[in-house]
Each structure stands twice: as C-alpha cells, then as structure tokens.
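The values are calculated or read from the model by the stated rules, or taken from the named source; none is laboratory data. This structure is a prediction, so every number in the text was calculated from the model and none was measured. No Cβ is skipped: glycine too gets one built from the backbone with ideal geometry, and neighbour counts run over all protein chains shown.
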Amino acid sequence: MFTLQYAKNPVYNNEEGTAIVLTVKWEEFVEEMPFSADTWDPEPWGIDLYNRAKAGEFGPVAPYVKPIPPVINFEPTPTNAN
Amino acid sequence: MPITVSGTTITFNNGTTQTTAATGSVSSIATGNGLSGGTITTTGTLTIACPGFNTVGSYCAAIIGDINQNSNSYSSGGSYSAGSGLNQVGTYAQNWNDNSLSRSYNLSGTWRWMGAGGGPNPSVGVACRVS
C-alpha cells in the first residue's frame, strides 16, 4: 500500500478514457514518478487514484493525444548508370 | 507533570520511570502479494510465491516506447508509466513460428525498466512494477 502525497498533470492515457497518466509523489519514494491509473489495476491504490483523477481532484484531465505515425521519406533508389 | 531526568532515571508524565534502555522487537508481520506464512507474532516461516500479473513487485516481458514514434529515450533503472506512448511500458510476446511480436497495453502504475538504456527506437526487455 502506498500513501499519496500529491498528484498532478492528469492526462488520459488511451482513447477509451479508461486510463489516466499522472505525475505522482508517494510518501514511500523520494522522487516523483509517472503513474498510469486505470480501471483494470489489481492494486487498490491505482483504482482509487483513477477514480479521484476522473472526478477532477487533481485538476482537469487533459485529452488523450494519439501518437502520430512517423513521416517516412521515400528516396529514389540509386541505380548503377554504367 | 513534565518528563524529568534525575540521575539515571527518566520519569514520564504518567508517573512511570525508565532506568535502562528499552529492548523491543517486531510484534506482527503481515503477508500478502505472494508472501505467505503470516501473520507472524513470534517466530515462523515465510514463503515467497510468484506475484500476480501487474501487481507491485512483479516482472514482465516488456516493450518500451511507441512503435509509431521513434523518439523514445529511456535508461536502465528509470521509472516509466504503463501505456502505449513514448517512454511508456507495455507487455509483449513473440510468435514462435514467424518471430512476430504481439503487444498488449494491459499494465498499470509505474514500472522500472530493467533492460539496457536506449532510444530512439522502441525496445523489448524486462520491467518490474514499483508502484
């Protein structure tokens, strides 16, 4: 069990809205860390954090940002011009 | 009545005194998440079992990074959230027949990357859940 000191910067972590990633600070750790709070977490503190984040306790939840596929530059294949 | 110290005697505000250093021990050890054998209050034997998938202390075959964005940057021992984005951790399995990788983003919480540091391409390795 972990004890939450604070959480901030909630952002939806998937399109379905069933996961929220936050920056959290637990009392048991020295440093802040990124944490994905979601609905399928087997750990009770993860579910609790998701419900609290969803309710807006840590501020408005920013929308999910879908990854953008990379732009691939197709260059002409060199030919042997003998 | 305040706490007083007289010579080698400490007198507490409820009237009790202490003349020697106290000795003590753990009174109760609870168990859970793969650790069984408790609760122990005197002596006993603990057994460590395999932790449940996606629980704190569990390991998984992990993929870090988003395969659509080759701009990850991760380090050995770094902490990363579960997910499918940049510098996030998911699980994977490798098909025996054609060596293809299947990925699942079914992890939660924070994971420590136990593989080599790297980037910008995604990598597969091992991760351990820390919180």
Check: Hey, any hits in region B:22-33 for a residue that's touching a Gly at 6+ places or on another chain (Cβ under 7 Å), in contact (Cβ under 8 Å) with a residue 40 or more places away in the chain and outside any loop (DSSP other than H, G, I, E, B)?
Finding: no
Next item on the list: Identify the single condition in (1) within 14 Å of chain A (Cβ to nearest Cβ); (2) assigned to a loop (DSSP other than H, G, I, E, B); (3) surrounded by fewer than 20 Cβ atoms within 10 Å (Cβ to Cβ); (4) of a type outside the set (A, V, I, L, M, F, W, C) that B:GLY38 does not satisfy, given that it satisfies every other one.
Entry: (1)
Checklist line | Meets criteria (assigned by TED's automatic domain parsing to the domain that holds B:VAL89 and part of a strand (DSSP E or B)) for B:ILE10 | finding: no
Check: (1) among the hydrophobic types (A, V, I, L, M, F, W, C); (2) at pLDDT 90 or above; (3) surrounded by fewer than 19 Cβ atoms within 10 Å (Cβ to Cβ): which one isn't true of B:ILE63, the others all being true?
Finding: (3)
Checklist line | Positions within region A:1-34 being polar (S, T, N, Q) and at negative phi, in sequence order | finding: A:THR3, A:GLN5, A:ASN13, A:ASN14, A:THR18, A:THR23
Notebook entry, point to check: What number of residues within region A:42-51 satisfy the criterion of being free of Cβ contacts under 8 Å to residues at least 40 places away in the same chain and over 14 Å from the mean Cα position of the chain (by Cα)?
Noted result: 5
Margin query: Being under 19 Å from the mean Cα position of the chain (by Cα) and within 11 Å of chain A (Cβ to nearest Cβ) is the filter here; which residues of region B:98-123 pass it?
Written below: B:ASN106, B:LEU107, B:SER108, B:GLY109, B:THR110, B:TRP111, B:ARG112
Note to self: Of everything in region B:56-83, what is within 7 Å of chain A (Cβ to nearest Cβ) and hydroxyl-bearing (Ser, Thr, Tyr)? Give them in sequence order.
What the structure shows: B:SER79, B:TYR80, B:SER81
Notebook entry, point to check: If you go through region B:22-33 one residue at a time, do you hit one that is under 30 Å from A:ASP48 (Cα atoms), within 14 Å of another protein chain (Cβ to nearest Cβ) and of a type in the set (A, V, I, L, M)?
Noted result: yes
Next item on the list: Give the residues of region B:89-110 that are closer than 21 Å to B:SER75 by Cβ, in contact (Cβ under 8 Å) with a residue 40 or more places away in the chain and in a strand (DSSP E or B), sorted by residue number.
Entry: B:GLY109
Margin query: Among the listed residues B:ASN99, B:ASN95, identify the single one that is loosely packed, with under 10 Cβ neighbours inside 10 Å and in contact with a Leu (Cβ under 9 Å, 6 or more places away or on another chain).
Written below: B:ASN95
